[in-house]
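Novice: Have a look at this one before I ask anything.
Since every read-out is calculated from the coordinates, none of them should be taken as a lab result. Note that this is a predicted model, so its numbers are computed, not measured. Heads up, the Cβs are rebuilt from the backbone with ideal geometry, glycines too, and the neighbour counts pull from every protein chain shown.
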Amino acid sequence: MKITKDISLKDLVKNYPQTIEVLNTLSIDFCCGGDDTIEVAVNSNNQDLEETLALLEKKAEVPMKDSESQLISIENFKNLSINEMIDSLKMTHHKYERELMLELDELINTILLVHYENHKDQLVIIHNLFATLKMELEEHFAKEEQLIFKIMKENKNPSSEIIAFIDEVESEHDVAGDILKKLKVVTNNFKAPSDGCYTYNKTFETLETFVNDVFVHVFKENSILFPEYREKKTN
């Protein structure tokens, strides 16, 4: 597939997962904004279209390395059955992100206390954003695991009511996506201040890992799992 300005972000990432690195660098939302074309996304960010296309084409030509497990997982994920996709999401992203949230909860509270005097303006915002995000995701994971995923497994031909429920779940992704973008801004793309201690740097590194994982997680649901399930609806 040739990369052109009219390709949607979700099709770009499905075919060339390695371009995620470029999209993240340019702060282009490929998960909640997956339906946007490259042109729309680039124009929304006031970036140069031809330059962005060149960067994407160059990255797409680079084979994925074994160490890029997140990217390879997208390649493998799209070939799974609906039930296998659901099980994969629970055993990978849900599990990993819960672990990271526990770690980040302690890290963020630690640097808030230690660096409050010099960096309260940044750290109070981070603390509030993360607390909200953690609450949203924990409740969202519970809804998916205990309700929506079970419904999807039990109903291979989805009804209009089930499709409407999936639409509601996707709208919750938008809420989380907005918080993730705010975290990128307030952390200056996860760059700790020059006087930041080891824990400050560790917190920002872990936060970046967490945010990137959630972006891939949401992409898999919004652009692969849910669309494939919707296609099974019979009139």
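Novice: In whole Å, what is the distance between the alpha-carbon centres of region 1-30 and region 84-163?
Specialist: 24
Novice: By how many nm would the segment from Glu84 to Asn43 lengthen if fully extended, with 0.36 nm per residue of separation less the alpha-carbon distance?
Specialist: Numbers: separation 41, 0.36 × 41 = 14.76 nm, distance 3.67 nm.
That pair, Glu84 and Asn43, stretches by 11.1 nm at full extension.
Novice: Taking a label point 7 Å from the Cα of Asp121 along the Cα→Cβ vector, which residues of region 197-211 have an amide N closer than 19 Å to it?
Specialist: Residues 197 fall inside that zone.
Novice: Sticking with this structure for a sec: So what is the 222 nm mean residue ellipticity for the chain from helices alone, if each DSSP H run of at least 4 adds -39500 (n - 2.57) and you divide by all residues, rounding to the nearest 500 deg cm²/dmol? The partial results should precede the final answer.
Specialist: Numbers: 12 runs with 157 residues, N = 235.
Calculated at 222 nm, the ellipticity per residue is -21000 deg cm²/dmol.
Novice: Taking the Cα centre as origin and putting +1 on Lys and Arg beta-carbons and -1 on Asp and Glu beta-carbons, what dipole magnitude results for region 80-230, to the nearest 20 debye? Could you put the intermediate results ahead of the total?
Specialist: On the way: 16 positive and 28 negative charges, 45 e Å.
That gives a dipole near 220 debye.
Novice: Specify whether the C-alpha gyration tensor of region 1-104 places it in the rounded, prolate or oblate class, a ≥ b ≥ c being the square roots of the eigenvalues: rounded for a/c under 1.5, otherwise prolate if a/b is larger than b/c and oblate if not. Numbers along the way, then the final one.
Specialist: Values: a/c = 1.92, a/b = 1.65, b/c = 1.16.
Prolate shape, in that a/c is at least 1.5 and a/b is the bigger ratio.
Novice: Quick one: Cα convex hull volume of region 80-230, Å³ per residue? Kindly include the intermediate steps, with their values, before the conclusion.
Specialist: On the way: hull volume 14.6 nm³, N = 151.
Normalising the Cα hull of region 80-230 by residue number yields 96 Å³.
Novice: Using per-residue counts of other Cβ atoms within 10 Å, averaged over each peptide, order 162-173, 85-96 from highest down.
Specialist: Values: 162-173: 14.8, 85-96: 16.9.
Highest-to-lowest ranking by the protection proxy: 85-96, 162-173.
Novice: What residue among Leu147, Leu56, Leu129 has the largest mean-square fluctuation in a Gaussian network model of the chain, using Cα springs under 10 Å?
Specialist: Leu147
Novice: I've got another one for you. In sequence order, what are the phi-derived ³J(HN,Hα) couplings for region 19-27 according to the Karplus relation 6.51 cos²θ - 1.76 cosθ + 1.60 with θ = phi - 60°, rounded to whole Hz, with x for glycine and proline?
Specialist: With the stated coefficients, region 19-27 comes to 6, 4, 4, 5, 4, 5, 4, 8, 6 Hz.
Novice: Just Leu137, Leu112, Leu180 to compare: in a GNM of the chain, with alpha carbon springs under 10 Å, which one fluctuates most?
Specialist: Leu112
Novice: Expressed as a rounded percentage, what relative contact order does region 80-230 have, with Cα pairs under 8 Å and six or more residues apart?
Specialist: Values: 83 pairs, mean separation 56.7, N = 151.
The normalised contact order for region 80-230 reaches 38 percent.
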